[in-house]
Structures are given as structure tokens and as C-alpha cells.
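Since the structure comes first, as C-alpha cells, the remarks are kept for the end.
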Amino acid sequence: MLTKDLLRVSRAGGGYHPQFVDRSHRPLAARVIGTYQGHVGEPRAALESALTDLERGTPGGPGDASGTPRAGDAADFKLVRGFSALLEREATFETDAAIEPDRARRAAFEAAEAVGVVTEDERAAALSRASESLDISAADLETALYADLEDRQVLTAVDPRWDPDGLVAQYNLSLAQTALFDATELRVRSSDPKALISAIKRLRLMYEIRRTDREDGAAGISDREVVVTGPTHLFRATRRYGTRFARLLRTVATSERWSIAATIDDRGTERTLSLSHEDPIRVPDADPVTDVSFDSGVEADFAARFSNLDLEWELVREPEPLATGTRVMIPDFAFEYAHSDFRLFFEIMGFWTPEYVAKKLSQLSGLEDVDMLVAVDESLGVGEDIAARDHRAIPYAGTVRVKDVVDVLREYERQFVAESAAALPDELRPDDAVITLETLAARHGVSADALADTSVPEHDRVGRTLIRPAVLDALAEEIEPGMALADAETVLAEAGIDDSSAVLSRLGYRVEWEGLAGGTLVERE
């Protein structure tokens, strides 16, 4: 769970919608993990400074794969801090000093009292006298004096149990749990009602079972609704059971199908929070174990490295069989493009016997109307034979270079983006005062990249959001320096804007944080 000040919700339309993250946020999750790993052996103050740079998207935090910082790409002020809060629990901070700080301070104060410290020279003399009594150097003594202060403690180890995908999944679960802190009642339906009731009893919550008139029982979800409250709810509505509701979500979310409708006390306003199995909520340490088998270490290595990339392509292991003459061939992988039904099949040819290579070449010859990419161990010397069969071939030695594969995918991607962009009108004029690029692209069945050269004359592009100038002018009047970030986000949410970071930056503000506490708006210099 996160602290409430890190909660990211949208109140658009009067609702209460957690702002979940998706695969596009994996690079940011990776950079936050990298920031922690890169600051082992350094004081917390240095780590906090790097996280602040990452929030602002300025150089100083971790960079891209080449090690170069990328400016202006932090997704959200609170998102960085949310990822950080989760990793903080996996980090070990220790006091790094030659002696215990309490002992150092006691000796230094006693020496100062004896010497009578007024000037810098007298202070140095007191430290020298105290260090001699402790048999350490004056420099070590001075370092030890306040080494136990939080910002001077040293990060000695960080062992995150999550990779970037796992951190994104844990964040979504924690965000949903935090959104339930202010719940006064839950209405739950589950495909595993037995486990639900057991968890409710274990958490000592009260419940009532009601039959519903919904017709989706055949889809695997119970037609009975469990209304969950706390014991004192009999006398008055209370939010004191929010943490128990959050813990209950872990059990609910392990079911195959489920839904929750929660009544939220949002600063005195009653709102409804709706969650279900269709949301990106999963319990990372409760997923069923599924072992993916690979024919070789080369395949396993490639799959692991490719899965960490942020691409518009999904890697599918052993896709459907392909007809090749009178037989079938099951490629090692397929790449599925997110914005069409196109599939590029991918085969890795390792160091096999001549007979096996001949069989593979025969299979490739029999394929028709199939886009195939083949990574060929360069020692086989059959790259030209594959190309002669109208398939793409890339050589490799030892491991398949992900860049070589991505370069091929980018070629296809550019073609798809160009085709979809050509089909768009020169100008788009959505009726919405505020609309995201992703939403507008989805309406036209294209990727957001296809809108790059499309004019939207009635809107300004702010980050990934299109906003009418009148809305920006109104926000500039309403948002002012010194305003709490939470209050500013409420104003933005009421305007239908979820991307607070980009809009606040456009309005000339940045967020000043105190550790992981709430932020305050200050004008950019």
C-alpha cells in the first residue's frame, strides 16, 4: 500500500478512478529501480536528489539504455514517489560512522564545555581533544556527529523483488488498495465466494449477502453480492476499516473474475469507486505458476531481454502452427503489433545438424503469405538461402542482438504508421475540450504516433493531452504558487485532466517535496 498523499485518482465525471499505470510506464519504473541500485553506498540525501531530478525529467537521474539522461520524460511527480515508496521497503539504510553518533556527540560536547567554544579555532580544538580521547581522527569524529540523521544514512543494500513489470504490477495493486483507505462500504462479487467470505471473517469485518438481478453468472462470477462493512458501521459511517478493506482486495484480486463497488468518503463527498478483474490489478506473489519452456538458452535469453523493452509489439511464445506443404511448422515466436492484426513470425536457427538445417529450410520454402524473420547462427552460413526464400534473415553469434530485431520491427512500424496517418484527414477537430492523444488515436483506430503530423488547430498539445486554450487560461487563473499539489490535481481533475505533471509544467510550476510527503507548487525559475 502507498501513503494517501501519493494517491493518484481522477474525479472526472464525479467518479473516483485510480490512475493505473501500464506498459508505457515500464521505462520509468526501470529508471527508479536503477536510481536505487546506482546509489548503493551513497547517503540518502544523494538518492533523494536523484529522485527529484527524475521527477522533473532533468539530468541527474538514470538515463536510457545508453546511459544518457532523458529530459522531460518523468510521467508524474507522485508516480516517481509511488515507485520509490515501494522500493524503499526493499532498501537497507545504515549509519556509516567510525563510532556511535551518540558517543561522538557526548565526547564533543564535553570537550567543547572544557575548552569554551566561540570561534572556529576553538571548535577545531574541541574536536581534536575529543577525537584523541576516542582514539579516532578529528575528521572521523566530525563525520560521526550527525551520521544518524536520516538524510546522512547510507544506502547499503537494495534487493527489489520486482523487475520493472513487477514494480508496475505492485504499484497498481498498491494504488487500488490506497484508494480503498477512505471506503465506508464495499459491495463485492467474486467467482470464488468461499475464499472471499473466509477472508472477510479473518479480517473481522461484517458482511451481508444479497442476491442480484445481474445476468452474468454464466460468465463465472457469482450472482450474489457481498456487502462488507465494519462493526461500528451499525452506528455511523466510518473510514476506520479502510486498511482492512485494502487487505481484502488482495484476496478478491486472486479470483479469476470479480468486481468491487466501494463507497468512498472523499473529503466529505460521497463517491463510488469501481474495480474489477478487467482493471490492471493482480497480486504479483499470488499468480499461478506457469513455466514457459524454451528449446534453447538463446531463446530464453532473447525472450527475457525483449520483454523488458517498451515497444508496441507483444512477444508470443510458440504461436499457432503454420502450414508448410503437407506438414506444419510452429515458429519459436511471433511479434504482434498493438494497432493491427499483423503478426511477424520469428524463428531462431541455432547450431544444428545439417539434416535439421535442411528440414528447416524446406519448411521455410513451403510457407506462403507469411512474414517471417529468422535469426541465423552465423556459423551455419545459410543466411543467403533464407533470403532466397523471401524471408528476412539476421545473423547472430552466441546471442541474438535485440537491436537487430527491433530495427526490423521499426521498419514495419513505420510502414503501418505512415499508412494509418495517410488515411487520416489533414485536420482533426474533436468536440472535447480535453482529450488524450491515445483516446483520439483510438477513435480513429491508429497509434498515437500516427497523429504526430496531424493538425488539431483548436487544441494545444500538452504532454500527451490535447487541451483547448480557454481551458488552459482558466486553469492559470485558478492555480497559483503555494497551492498544495493535491488541491491543484483536484482542479485539473474537474477539468478532465489526468496528466497533472505536463500541465503544471506548461503553467510554469514544479513541485517541491519534503521526503515522501505531500508537495507544494512553486514557480519554475
Residues being out of contact with any Lys or Arg (no Cβ under 8 Å at 6 or more places or on another chain) and surrounded by fewer than 18 Cβ atoms within 10 Å (Cβ to Cβ) - total across the stretch 144-153: 2
All positions within the stretch 86-102 that are more than 30 Å from residue 33 (Cβ to Cβ) and surrounded by fewer than 13 Cβ atoms within 10 Å (Cβ to Cβ): 102
Any chance residue 26 is touching a residue at least 40 places away in the same chain (Cβ under 8 Å) and within 15 Å of residue 80 (Cβ to Cβ): yes
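Looking at the stretch 1-18 only, could you name the residues that are more than 30 Å from residue 94 (Cα to Cα) and surrounded by fewer than 16 Cβ atoms within 10 Å (Cβ to Cβ)?
Filtering the stretch 1-18 down to residues more than 30 Å from residue 94 (Cα to Cα) leaves 8-18.
Passing the criteria: 13, 14, 15.
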Residue among 21, 118, 40 that alone is surrounded by fewer than 20 Cβ atoms within 10 Å (Cβ to Cβ), among the aliphatic types (A, V, I, L, M) and either modelled with pLDDT of 85 or more or in contact with a Lys or Arg (Cβ under 7 Å, 6 or more places away or on another chain) (or both): 40
Selection within the stretch 136-162 - modelled with pLDDT of 85 or more and more than 25 Å from residue 40 (Cα to Cα): 136, 137
Of all residues making up the stretch 488-514, the number that are without any contact (Cβ under 8 Å) to a residue 24 or more places away in the chain and surrounded by fewer than 19 Cβ atoms within 10 Å (Cβ to Cβ): 4
Number of positions in the stretch 419-437 that are touching a strand residue (DSSP E or B) at 6+ places or on another chain (Cβ under 8 Å) and not in a loop (DSSP other than H, G, I, E, B): 5
Qualifying residue in the stretch 489-505 (condition: within 27 Å of residue 151 (Cβ to Cβ), assigned to a loop (DSSP other than H, G, I, E, B) and of a type in the set (A, V, I, L, M)): no
Residue check for residue 271: surrounded by 15 or more Cβ atoms within 10 Å (Cβ to Cβ), modelled with pLDDT under 85 and of a type in the set (D, E, K, R): no
The stretch 451-468 residues that are assigned to a strand (DSSP E or B), paired with ones that are of a type in the set (Lys, Arg) and surrounded by fewer than 15 Cβ atoms within 10 Å (Cβ to Cβ) (beta carbon under 9 Å, 6 or more apart): 467/461
Of residues in the stretch 444-462 being buried (at least 19 other Cβ atoms within 10 Å of the Cβ) and within 16 Å of residue 503 (Cβ to Cβ), the one farthest from the chain's Cα centre (by Cα): 459
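One line per residue, one yes/no per condition, for (1) of a type in the set (Gly, Ala, Ser); (2) in the same structural domain as residue 50 (by TED's automatic domain parsing); (3) over 25 Å from residue 18 (Cα atoms); (4) modelled with pLDDT of 85 or more:
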residue: 456; (1), (2), (3), (4): no, no, yes, yes
residue: 461; (1), (2), (3), (4): no, no, no, yes
residue: 479; (1), (2), (3), (4): no, no, no, yes
residue: 493; (1), (2), (3), (4): yes, no, no, yes
residue: 505; (1), (2), (3), (4): yes, no, no, yes
residue: 515; (1), (2), (3), (4): yes, no, no, no
Residues of the stretch 239-258 that turn out to be surrounded by 15 or more Cβ atoms within 10 Å (Cβ to Cβ) and in a loop (DSSP other than H, G, I, E, B), as a count: 6
Test result for residue 305, at pLDDT below 80 and either out of contact with any strand residue (DSSP E or B) (no Cβ under 9 Å at 6 or more places or on another chain) or assigned by TED's automatic domain parsing to the domain that holds residue 364 (or both): no
Residue that is over 31 Å from the mean Cα position of the chain (by Cα), in the same structural domain as residue 247 (by TED's automatic domain parsing) and charged (D, E, K, R), where the choices are 224, 189: 224
Selection status of residue 261, within 13 Å of residue 186 (Cβ to Cβ), modelled with pLDDT of 85 or more and part of a helix (DSSP H, G or I): no
Residue check, residue 156 surrounded by fewer than 19 Cβ atoms within 10 Å (Cβ to Cβ), more than 30 Å from residue 272 (Cα to Cα) and in contact with an Asp or Glu (Cβ under 8 Å, 6 or more places away or on another chain): yes
Any hit, the stretch 152-168, residues being within 24 Å of residue 24 (Cα to Cα) and aliphatic (A, V, I, L, M): yes
Odd one out for residue 56 among (1) free of Cβ contacts under 8 Å to residues at least 40 places away in the same chain; (2) touching a strand residue (DSSP E or B) at 6+ places or on another chain (Cβ under 7 Å); (3) not aromatic (Phe, Trp, Tyr): (1)
Unique match (being in contact with a Gly (Cβ under 6 Å, 6 or more places away or on another chain), surrounded by 14 or more Cβ atoms within 10 Å (Cβ to Cβ) and either at pLDDT 70 or above or not aliphatic (A, V, I, L, M) (or both)) among 366, 383, 325: 366
Meets criteria (farther than 16 Å from residue 186 by Cα, modelled with pLDDT under 85 and aromatic (Phe, Trp, Tyr)) for residue 294: yes
Strands (runs of 3 or more DSSP E) lying entirely in the stretch 86-202 (those with 3 or more residues that are within 30 Å of residue 265 (Cβ to Cβ)): 183-190
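The values are calculated or read from the model by the stated rules, or taken from the named source; none is laboratory data. Since the model is a prediction, treat every value here as computed from it, not as a measurement. Cβ coordinates were reconstructed from backbone atoms using ideal geometry, including for glycine residues, and neighbour counts include every protein chain displayed.
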